[in-house]
Amino acid sequence: MKLAHAQLGKHLQGPLAPVYVVSGDEHLLCQEACDAIRSACRQQDFSERQVLNVETGFDWGQLVEAGANLSLFAERRLLELRMPTGKPGDKGAAALLDYLARPAEDTVLLISLPKLDGNTQKTKWAKALIDGKQVQFLQIWPVDAAQLPQWIRQRLSQAGLAADQEAVELIAARVEGN
C-alpha cells in the first residue's frame, strides 16, 4: 500500500506494518523517513535492530534466515535491508518475494532503496513492494521549487529559528536543485 510522506507521522502512531519501503533520491528526506520508522519501532518496544547491506556478493540467505530465526534477546526487532542500487538480481527478487509472502512475526522489515525506474516498477518483486498487502511503500519526491520557500520556513521553525521572506527566498534560490 502506498503511504504519502505527509501521512507517515500519523501512521506511525498506530500499529506498525510488517514491512516498510522507503524509496527515493532525496537522501535527507529518505534518511528522516527511515529515522521516523526506527523511532516508532523503539517506542513500540522493538528492542533489537539488525542491518543488512546489499552489496556485490550479498548472500540473500541472510534475509531468509533473519526472517526465520527468532531473537534470543528481544521479543520484537527491526530488520533493515539497505539496497543502494535498487536492483536485487534474481536471487534477491526471489528472497524478497519469499519474505513478503510470509513476513516474520514480531519483526518490522525496513527496506531503503533509490527511486525505482519505470522498468523496475514492472517487475514482480517491485510490484510486491509497492502494492503488497502488508507493505507500506513510501515514495520520497523532491521538494517542488514552488514549495521550497515554505519547506525552508518550516525547517527553520522546527530548529527554533526564524527568517524574513527575503532570507528564505535567497536560501531557496541558492539550494534549488541540490
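I need a count of the residues in region 110-132 that are of a type in the set (Asp, Glu) and either under 16 Å from the mean Cα position of the chain (by Cα) or closer than 23 Å to Leu16 by Cα (or both).
1
When both residues are 6+ apart or on different chains and their Cβ atoms are under 6 Å apart, which pairs have a first residue that lies in region 153-178 and is within 19 Å of Leu28 (Cα to Cα), and a second that is assigned to a loop (DSSP other than H, G, I, E, B)?
Every condition considered, the pairs that remain are Leu156/Ala163; Glu176/Ala145.
For region 134-152, which residues satisfy the criterion of being closer than 17 Å to Lys115 by Cβ, touching a residue at least 24 places away in the same chain (Cβ under 8 Å) and part of a loop (DSSP other than H, G, I, E, B)?
Trp141, Pro142, Val143
Scan Ala94, Ala167, Ala128 and give me the residue that is among the aliphatic types (A, V, I, L, M), out of contact with any Pro (no Cβ under 6 Å at 6 or more places or on another chain), buried (at least 18 other Cβ atoms within 10 Å of the Cβ) and part of a helix (DSSP H, G or I).
Ala128
Could you please let me know if Trp125 is touching a helix residue (DSSP H, G or I) at 6+ places or on another chain (Cβ under 8 Å), within 24 Å of Gly57 (Cβ to Cβ) and aromatic (Phe, Trp, Tyr)?
Working: touching a helix residue (DSSP H, G or I) at 6+ places or on another chain (Cβ under 8 Å): yes; within 24 Å of Gly57 (Cβ to Cβ): yes; aromatic (Phe, Trp, Tyr): yes.
Yes, satisfied.
The numbers here are math on the coordinates, done by the rules we state, and not lab data. Keep in mind that this is a model prediction, so the values were computed, not measured. Here Cβ is always computed from backbone atoms with ideal geometry, including for glycine, and neighbour counts include all displayed protein chains.
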